[in-house]
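Colleague: First the structure, then my questions, so here it is.
Just so you know, all these numbers are worked out from the coordinates, no wet-lab data involved. Fair warning: this is a prediction, and the values are worked out from it, not measured in the lab. Cβ coordinates were reconstructed from backbone atoms using ideal geometry, including for glycine residues, and neighbour counts include every protein chain displayed.
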Amino acid sequence: MTSSTTNDRTRHFPPTFLWGAATASYQIEGASTVDGRGPSIWDTFSHTPGAVWNDDNGDVACDHYHRMDEDLDLMADLDIGAYRFSVAWPRIIPDGTGQVNQRGLDFYRRLVDGLRDRDIEPTLTLYHWDLPQPLEDRGGWTVRDTAEAFAAFVEVVARTFGDDVERWITLNEPWCSSWLGYGSGHHAPGIRDIGMAAAANHHLLLAHGLAVPILRETIAQAKVGITLNLSDHRPGSEDPLDVAAARRADGNLNRLFLDPIFHGRYPEDMLAHYSKFSPGFSVVHEGDLELISRPIDFLGVNYYSPVTVVDESRATEARTAGYIVATGDQFPDLCLRGLETPGRDRTAMDWEIQAAGLTALLVHIRDEYSTLPIYITENGAAFDDYVDPNGRVLDFNRVAYLQEHISAVHDAIDAGVNVQGYFVWSLLDNFEWAFGYSRRFGIVWVDFPTGTRLPKESFHWYRDAIASNTVQYAQSPGSR
Ligand code: FCB
């Protein structure tokens, strides 16, 4: 891998570096009952009063289902090399198992062909959280059968698109599916049970492990990976209690996924911690970890923000040291408190902006887990954008965020990490899960009542970065 520097601030990316944009089916498609699509857990959850901000739902979303051509043209204008999208399982197999819905496949066929016509490489995520509701009714990810059902679904998608899609992502952020879906209940299906979350964690990884050989056997040239949401965890102080708290946070978010995938085992400290919850990891069968650790071709990394924590017994000390301390944690069993560094910029999600955490994370993955190619499959920020009286969205804060984070990716490449591409989250403002339409992550503004698209300043900035294959280096404040 090569990269070079021509002036003080211009950073050149390797010639093969892949620039992309990402979306997900439930967040953009809408058309939730059109052409035979069945209900997903997110339809059920978002129609549950009080579950989602403003009781928003994905019934219409960006209406991408009907505006696909316009969105493809936006991508062509942006000149991305790759588009990461997900296929909705309930569009393709509405009951979760059994009958295949040809009209669902036809929709993605048009999308894949439209991308190919525009020289954009499809990067297909097989599961981005929209589990068919009938499977949830039979236990969802807490039961093993769902992993088997996923394998059958993968086979259908692989057979249909194998000739035209090379890069495959089995799962998006299985941590969110398991721990937010079944642990804290913030996401669909809205269950709050740590033991069920741990079981879901395992069955999701098993689903990944079952999918890998199916993709390989069906598609000779397949490049197969998984996308994880990972973070750089820091203790609020050097106190051993805080160091241990950061280790627990890292265990739950990072190691429960990276260790089985790359080392073929769950971390001992996490197994011990979750042994008091049922069914927890007792659902692991002999041989499962061999399946889960089957070789993959790349790792997808989603990064948004660093995490700083202290042990919950040390909240007062952290406050005295000048931190703002979270009042509680979504997982009380972990006994920790998140910290905000005063003065640090935050996004509209209230996530601290710290691009150096991305470099640190990438170096850590390389050192501890794997030298496989890495794609940043999501990175971006929500801000309180608005259309100004001149009809523009001047989202300079998002431009700064992207500039700092893409610079951080360049730092990682300079440090020898094998990062081969970057996908901005997101192409479009969309349904931001529990936050509904109240959080805008797009580089294209979407006027939800009409569906009108308006490229933001960040779209033009990103297009220039792609065209020149460079960024003007911006170091994130507070780099350590
Ligand atoms: C990630 C999700 C993605 C989007 C971003 C902001 O966790 O994968 O769908 O919502 O966060």
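Colleague: Between the alpha-carbon centers of segment 323-341 and segment 428-445, tell me the distance in whole angstrom.
Modeller: Taking the Cα centre of segment 428-445 as reference, the centre of segment 323-341 is 26 Å away.
Colleague: Need one word for the chain: rounded, prolate or oblate. Basis is the Cα gyration tensor (sqrt eigenvalues a ≥ b ≥ c); a/c below 1.5 gives rounded, then a/b vs b/c decides. Intermediate results must be reported in sequence, preceding the final value.
Modeller: On the way: a/c = 1.30, a/b = 1.03, b/c = 1.26.
Because its axes are fairly even, with a/c under 1.5, the chain counts as rounded.
Colleague: Convert each backbone phi in segment 172-180 into a coupling constant with the Karplus relation 6.51 cos²θ - 1.76 cosθ + 1.60 (shift: θ = phi - 60°), then list the ³J(HN,Hα) values in order as whole Hz, x for Gly and Pro.
Modeller: 9, 6, x, 4, 5, 4, 8, 7, 7
Colleague: Now, a different point. What list of ³J(HN,Hα) couplings, whole Hz, do you get for segment 119-124 from phi and the Karplus terms 6.51, -1.76, 1.60, once you set θ to phi - 60° and write x for glycine and proline?
Modeller: Ordered by residue, 3J(HN,Hα) equals 6, 10, 6, x, 10, 9 Hz.
Colleague: Which helices, counted as full DSSP H runs in the chain, have an axial Cα extent of no less than 30 Å and a Kyte-Doolittle average of 0.0 or above? Please list the in-between numbers first.
Modeller: Numbers: long enough: 194-218 (36 Å, 0.83).
Going by DSSP H runs, the hits are 194-218.
Colleague: Once the convex hull of the alpha carbons of segment 161-281 is built, what does its volume come to per residue, in cubic angstrom? Don't skip to the end; give the middle numbers.
Modeller: Working: hull volume 14.8 nm³, N = 121.
Taking only Cα atoms, segment 161-281 has a hull volume of 123 Å³ per residue.
Colleague: Still on this structure: Set Lys and Arg Cβ to +1 and Asp and Glu Cβ to -1, take the dipole of segment 4-479 about its Cα centre, and tell me which of Ile365, Ile191, His47 lies farthest positive.
Modeller: The Cα lying farthest towards the positive end belongs to Ile365.
Colleague: Follow-up. In whole Å, what is the distance between the alpha-carbon centres of segment 153-198 and segment 70-120?
Modeller: Using only Cα atoms, the two centres lie 18 Å from each other.
Colleague: While we're looking at this one, here's another question. Mind grabbing the base-10 log of I(q)/I(0) for segment 327-442 at q = 0.12, 0.16, 0.17, 0.18 Å⁻¹? Debye formula, identical points on the C-alpha positions, no solvent, two decimal places.
Modeller: Results for segment 327-442 at q = 0.12, 0.16, 0.17, 0.18 Å⁻¹ read -0.56, -0.93, -1.02, -1.09.
Colleague: Now, a different point. Quick check: net charge around Ile261, other residues with Cβ under 14 Å of its Cβ, Lys/Arg +1 and Asp/Glu -1?
Modeller: -3
Colleague: Hey, rough spin-label estimate for Ser313 and Thr327, points 7 angstrom out along Cα→Cβ, what's it come to in nanometres?
Modeller: 2.5 nm
Colleague: Further question on the same structure: What residues have an amide H closer than 5 Å to that of Ala382, excluding those fewer than 5 places away on the same chain, when H is modeled at 1.01 Å from N in the peptide plane?
Modeller: Ala348, Met349
Colleague: Would you please classify the overall shape of segment 109-194 from the alpha carbon gyration tensor, given that a ≥ b ≥ c denote the square roots of the eigenvalues, rounded means a/c under 1.5, and beyond that prolate means a/b larger than b/c while oblate covers the rest? Before the final figure, lay out the partial values.
Modeller: Numbers: a/c = 3.05, a/b = 2.03, b/c = 1.50.
It comes out prolate by the Cα gyration axes.
Colleague: Mind putting a number on the dipole of the chain about its Cα centre? Charges go on the C-beta only, +1 for Lys and Arg and -1 for Asp and Glu, and I need it in Debye to the nearest 20. Please report the intermediate quantities before stating the final value.
Modeller: Working: 39 positive and 68 negative charges, 82 e Å.
About 400 debye.
Colleague: Further, regarding this structure: What is segment 78-141 by shape, rounded, prolate or oblate, if you read a ≥ b ≥ c off the alpha carbon gyration tensor as root eigenvalues and call it rounded for a/c under 1.5, prolate for a/b larger than b/c, and oblate otherwise?
Modeller: On the way: a/c = 4.71, a/b = 2.02, b/c = 2.33.
Cα axes put segment 78-141 in the oblate bin.
Colleague: Which residues' amide hydrogens lie under 5 Å from the amide hydrogen of Ser40, considering only partners 5 or more residues apart or on another chain, with H built in the peptide plane?
Modeller: The list, which skips near neighbours in sequence, is Gln133.
Colleague: Can you tally the net charge around Trp461? Count Lys and Arg as +1, Asp and Glu as -1, for every other residue whose Cβ sits under 11 Å from the Cβ of Trp461. Please list the in-between numbers first.
Modeller: Values: positive: Arg398, Lys456, Arg463; negative: Asp395, Glu457, Asp464.
So the environment of Trp461 carries a net charge of 0.
Colleague: Sticking with this structure for a sec: Going toward the positive end of the dipole of the chain, with +1 on Lys and Arg Cβ and -1 on Asp and Glu Cβ, which of Tyr65, Ala465, Pro132 do you reach last?
Modeller: Ala465
Colleague: Then there is this: What does the charge count near Asp242 come to, summing +1 for each Lys or Arg and -1 for each Asp or Glu among other residues with Cβ under 12 Å from its Cβ?
Modeller: Details: positive: Arg234, Arg247, Arg248, Arg314, Arg337; negative: Glu238, Asp239, Asp311, Glu312, Glu317.
Neighbourhood net charge equals 0.
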